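**Student:** Have a look at this one.
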Amino acid sequence: MKNLEAQTLMLKLANEYDKLTDRADERATREGIRLRRAEEEILADHAAHCIEQAITSGNKAEQRRKVAELTGVLRRSERGNGLLFI
């Protein structure tokens, strides 16, 4: 009988662990979504300010540098490395 009680307790503990793990996974997913949204806002602000400034300056070298920077950021983003700016 004690063996059955121990097995029942182990099943309950395993079930509770699974619930906690599932909740942690859901929270991590939500936080990842929030982080991605913040990264997108940062990229939009960066593009609006820096790239627009390079375009309006007429400086071809600066324009190329900004386009290269933007494509690098997008490449890193696709790989899941975040939007890290140079």
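**Student:** Please determine, in degrees from 0 to 90 and to the nearest 10, the orientation of helix 2-46 with respect to the longest principal axis defined by the Cα atoms of the chain, where the helix direction is its Cα long axis.
**Tutor:** Roughly 10 degrees between the two axes.
**Student:** A further question on this structure: By how many degrees, 0 to 90 and rounded to 10, does the Cα axis of helix 60-78 deviate from the longest principal axis of the chain?
**Tutor:** Approximately 10 degrees, to the nearest ten.
**Student:** Quick one: give the max-minus-min coordinate of the C-alpha atoms of the range 2-78 along each principal axis, largest first, in Å.
**Tutor:** That gives 82, 17, 9 Å along the principal axes, largest extent first.
**Student:** What aspartates and glutamates sit close enough to Lys60 to cross-link, taking a C-alpha to C-alpha distance under 15 Å and skipping anything fewer than 8 places away on the same chain?
**Tutor:** Hits, sequence-local ones excluded: Glu52, Glu69.
**Student:** Further question: Where the only charges are on Cβ atoms (+1 Lys, Arg; -1 Asp, Glu), what is the dipole of the range 2-78 about its Cα centre, to the nearest 20 debye? List each step's numbers first, then the result.
**Tutor:** Values: 15 positive and 15 negative charges, 38 e Å.
Taking the Cα centre of the range 2-78 as origin, the dipole is about 180 debye.
**Student:** As a test of the formula, what do you get for the chain when each DSSP H run with n ≥ 4 contributes -39,500 (n - 2.57) and the sum is divided by the residue count, at 222 nm and rounded to the nearest 500 deg cm²/dmol? Could you put the intermediate results ahead of the total?
**Tutor:** Working: 3 runs with 70 residues, N = 86.
Mean residue ellipticity at 222 nm (helix-derived): -28500 deg cm²/dmol.
**Student:** Trypsin sites (Lys or Arg not before Pro) within the chain: which are DSSP loop residues with at most 13 other Cβ atoms inside 10 Å?
**Tutor:** Arg79
Bear in mind that the values in this text are calculations on the coordinates, not laboratory data. In this text, all values refer to a predicted model and were calculated from it rather than measured experimentally. Positions of Cβ are backbone-derived with ideal geometry, glycine not excepted, and every protein chain shown enters the neighbour counts.
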